[in-house]
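Asker: This structure is in structure tokens; I'll ask about it shortly.
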Amino acid sequence: MRLDKFLSETGFGSRKEVKKLLKQGIITVNNQVVKDAKSQVNEWEDQVAYDGEPLHYQKYFYYMLHKPQGVISATEDKYDETVIDLLSDEDFREDLFPVGRLDKDTEGLLILTNDGQLSHRLLSPKKHVDKEYFARISGVVTEEDIKLFAQGLMLKSGEAVKPGKLVVDAVDEVKGESEIRLVIQEGKFHQVKRMFEAVDKQVVYLKRLRMGELYLDEALELGDYRPLTATELQLLEPSK
Ligand code: URA
């Protein structure tokens, strides 16, 4: 690959910025100063260094974010803070995006990456990847609801959704509230909220706990993120 592409993707800014950097004679390839942006490097074999410090090429980046409420699952927005705005300057890259969307008022597990294929594999309905949610519901969730969810519901909009596994963790009959976990494999707009609306109940709090075999690290504070470990990445794509 071209040296300027390598440097840009390693976090040295735009191609223009990289060109200026190269002019300073501070970049070496296999211990030789290289100033030509167009020169070719083998990103896995050549030793590229900045001021003597070896640089390591990384193509894909994967972060686990504990999404807080009030932040939107987009890369940019005119009015609202986005999940990408939560990244530090050091970790920010133009090509990072959230894998799927959580509503503005939903919390929980969100993966940020620049790997489009991974995103497709996790989100495509054909791949049947579980998404597990915890929710507080206004209403008493019943055995009948569990059966209806297991069969696949018709939403109020007339759209059909595939079966979901609903587990009731707690019910307060006096207050008329329930706590549940729901596993679904689709990701239609407001799907969990609309599934409960279909049985005349309301989601008052929603949190995603899991995608595939990857669980939210509960040690992450709301709004915090960290890179996925190699083991976690394996859970998401066993081929890597
Ligand atoms: N279902 C919803 O209703 N909202 C979310 O954010 C995710 C799933």
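The values are calculated or read from the model by the stated rules, or taken from the named source; none is laboratory data. Just so it is clear, the structure is predicted and the values come from calculations on it, not from any experiment. Reconstructed Cβ throughout: ideal geometry from the backbone, glycine too, with neighbour counts over all protein chains shown. Remember, those area values only see protein heavy atoms, side chains included, never the ligands or the DNA or RNA. Shrake-Rupley method; radii C 1.70, N 1.55, O 1.52, S 1.80 Å.
Asker: Taking the options Ile146, Ile137, Ile180, Ile184, name whichever one is in contact with a Ser or Thr (Cβ under 6 Å, 6 or more places away or on another chain) and aliphatic (A, V, I, L, M).
Answerer: Details: Ile146 fails: in contact with a Ser or Thr (Cβ under 6 Å, 6 or more places away or on another chain); Ile180 fails: in contact with a Ser or Thr (Cβ under 6 Å, 6 or more places away or on another chain); Ile184 fails: in contact with a Ser or Thr (Cβ under 6 Å, 6 or more places away or on another chain).
Residue meeting the stated conditions: Ile137.
Asker: Conditions first: (1) surrounded by 20 or more Cβ atoms within 10 Å (Cβ to Cβ); (2) small (Gly, Ala, Ser); (3) within 12 Å of the ligand (Cβ to nearest atom). Gly100 passes all but one, so which condition is the exception?
Answerer: Every condition holds for Gly100 apart from (1).
Asker: Checking the condition in contact (Cβ under 8 Å) with a residue 12 or more places away in the chain and within 16 Å of the ligand (Cβ to nearest atom), which residue from Gly223, Gly212 passes?
Answerer: On the way: Gly223 fails: within 16 Å of the ligand (Cβ to nearest atom).
After applying the criteria, what remains is Gly212.
Asker: With the structure loaded, tell me whether Asp95 is open to solvent by 60 Å² or more (accessible area, probe 1.4 Å), touching a Leu at 6+ places or on another chain (Cβ under 9 Å) and either within 21 Å of Leu236 (Cα to Cα) or not assigned by TED's automatic domain parsing to the domain that holds Phe12 (or both) or whether it fails that test. Steps first, answer last, please.
Answerer: Details: open to solvent by 60 Å² or more (accessible area, probe 1.4 Å): yes; touching a Leu at 6+ places or on another chain (Cβ under 9 Å): no; either within 21 Å of Leu236 (Cα to Cα) or not assigned by TED's automatic domain parsing to the domain that holds Phe12 (or both): yes.
Considered against the rule, which asks whether it is open to solvent by 60 Å² or more (accessible area, probe 1.4 Å), touching a Leu at 6+ places or on another chain (Cβ under 9 Å) and either within 21 Å of Leu236 (Cα to Cα) or not assigned by TED's automatic domain parsing to the domain that holds Phe12 (or both), Asp95 comes out as no.
Asker: Out of the residues in segment 71-92 meeting the condition of being charged (D, E, K, R) and within 22 Å of Gln117 (Cα to Cα), tell me which one is surrounded by the most Cβ atoms within 10 Å (Cβ to Cβ). Let's see the steps before the verdict.
Answerer: Residues of segment 71-92 that are charged (D, E, K, R), as a first pass: 76-78, 80-81, 85, 89-91.
Checking the rest, the ones that are also within 22 Å of Gln117 (Cα to Cα) come to 76, 91.
Values: Glu76: 9, Asp91: 16.
Checked segment 71-92; the qualifying residue surrounded by the most Cβ atoms within 10 Å (Cβ to Cβ) is Asp91.
Asker: Restrict the check to segment 129-145 and report whether at least one residue is under 26 Å from the mean Cα position of the chain (by Cα), more than 14 Å from the ligand (Cβ to nearest atom), open to solvent by 20 Å² or more (accessible area, probe 1.4 Å) and farther than 18 Å from Val204 by Cβ. Let's see the steps before the verdict.
Answerer: Of all residues in segment 129-145, those under 26 Å from the mean Cα position of the chain (by Cα) come to 129-137.
Keeping just the survivors that are more than 14 Å from the ligand (Cβ to nearest atom) gives none.
No: segment 129-145 contains no residue that is under 26 Å from the mean Cα position of the chain (by Cα), more than 14 Å from the ligand (Cβ to nearest atom), open to solvent by 20 Å² or more (accessible area, probe 1.4 Å) and farther than 18 Å from Val204 by Cβ.
Asker: Tell me, which residue of segment 59-76 that is more than 16 Å from the ligand (Cβ to nearest atom) and not aliphatic (A, V, I, L, M) is farthest from the chain's Cα centre (by Cα)?
Answerer: For segment 59-76, the residue satisfying everything is Lys59.
Asker: Additional query: I'd like to verify a number: residues in segment 31-70 that are open to solvent by less than 50 Å² (accessible area, probe 1.4 Å), assigned to a loop (DSSP other than H, G, I, E, B) and of a type in the set (A, V, I, L, M, F, W, C), how many?
Answerer: Total meeting the criteria: 5.
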